[in-house]
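To start, the structure under review is shown below, and the notes come after it.
The values are calculated or read from the model by the stated rules, or taken from the named source; none is laboratory data. This one's a predicted model, so the numbers in the text were calculated from it and none came from an experiment. Virtual Cβ from ideal backbone geometry, glycine too; neighbours counted across all protein chains shown.
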Amino acid sequence: MNGWLTVALLVVSNIFMTFAWYGQLKLQEMRVITSDTPLYLVILASWGVALLEYCFMIPANRYGFIGNGGAFSLLQLKVVQEVISLFVFTIFALMLFKGQALHWNHFLAFGLLILAVYLVFMDA
């Protein structure tokens, strides 16, 4: 499988994951739900969104894994997924939650993540 298709599936998966995990905070901020909304309802709604995440994550990992003809080793898949997850979350936080800002240490952390990706793809 093309490595870029795996990355695209991981991006879509992480968009759903971020909404499943943190979307309820935005809904609470928008007063769609309240702090009195039963937690089990919030969990069930999040599971519904997370199901969509799995519909993209599982194929990304399955087809992206080198053992199935994909482009990535298991460690490479995990590092790429984590980097994508943090970038998606950062965009989500900046766009949907006012008052969130990036500082020099965040940019340094992103640079180190890119270094981590480089290192995991390096031949040892």
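Here is a check on your reading of the model: is Gly64 under 16 Å from Val117 (Cβ atoms) and either at pLDDT below 95 or more than 15 Å from the chain's Cα centre (by Cα) (or both)? Answer is yes for this residue. Listed by first and then second residue, the pairs with beta-carbon distance under 6 Å, at least 6 apart or on different chains, first residue in the range 72-87 and farther than 16 Å from Phe56 by Cβ, second among the β-branched types (Val, Ile, Thr) and in a helix (DSSP H, G or I), are Ser73/Ile66; Leu75/Val120; Gln76/Val120; Val79/Val117; Val79/Val120; Val83/Val117. If the condition is being more than 13 Å from Leu10 (Cβ to Cβ) and either assigned to a loop (DSSP other than H, G, I, E, B) or touching a His at 6+ places or on another chain (Cβ under 9 Å) (or both), then the range 55-111 contributes Gly69, Ser73, Thr90, Phe97, Lys98, Gly99, Gln100, Ala101, Leu102, His103. When Gln81, Gln24, Gln100, Gln76 are checked against the criterion of being surrounded by 14 or more Cβ atoms within 10 Å (Cβ to Cβ) and farther than 26 Å from Asp123 by Cβ, Gln24 stands alone in meeting it.
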